[in-house]
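Okay, so here's the structure we're looking at.
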Amino acid sequence: MDYSSFARRLSELRLRKNVSAREMSLAIGQNESYINRIENSLAFPSMQCFFYICEYLNVTPSEFFDIDNKDPAKRRELLNSLDRLSRGQLDIILAVVNEMTKK
């Protein structure tokens, strides 16, 4: 992932959380333009700040870099919920998903 891809992914996940770049910057303990500078490829976070960013966005570092996963937090929530279902309930959910994704 290059700088511009990193910036786009950060912006995508931040917008999904529905917070401003300023709000997020301040929430992770940085100056108010920090996230904006990263999203405009003018800066790159340190490893420590990257972990703060992931924590704030409620994503793992792996989920951050998985650009095919459009909503990592929602996917993780769904998977955690599926873990609590019985085999029969899982069969029903699978049948519904298969029906919904037919082409």
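Side notes on the structure shown:
- Taking segment 1-60 as the range and being in contact with an Asp or Glu (Cβ under 7 Å, 6 or more places away or on another chain) and within 25 Å of Arg76 (Cβ to Cβ) as the test, the residues that pass are Ala7, Leu10, Ser11, Arg16, Ala21, Ser25.
- Residue in segment 72-91 that is crowded, with 17+ Cβ neighbours inside 10 Å and free of Cβ contacts under 8 Å to residues at least 24 places away in the same chain present: no
- Selection of segment 19-70 for residues being over 12 Å from the mean Cα position of the chain (by Cα), of a type in the set (S, T, N, Q) and on the phi > 0 side of the Ramachandran plot yields only Ser41.
- Taking segment 1-100 as the region of interest, the helices (runs of 4 or more DSSP H) fully inside it that hold 1 or more residues being out of contact with any helix residue (DSSP H, G or I) (no Cβ under 8 Å at 6 or more places or on another chain) and of a type in the set (A, V, I, L, M, F, W, C) are 3-17, 21-27, 47-57, 72-82, 87-100.
- Flag if Arg16 is surrounded by 13 or more Cβ atoms within 10 Å (Cβ to Cβ) and in contact with a Ser or Thr (Cβ under 9 Å, 6 or more places away or on another chain): no
Any read-out appearing in this document is the output of simple, stated calculations on the displayed coordinates, not a laboratory observation. The model shown is predicted, which means the values in this text are computed figures rather than measured ones. No Cβ is skipped: glycine too gets one built from the backbone with ideal geometry, and neighbour counts run over all protein chains shown.
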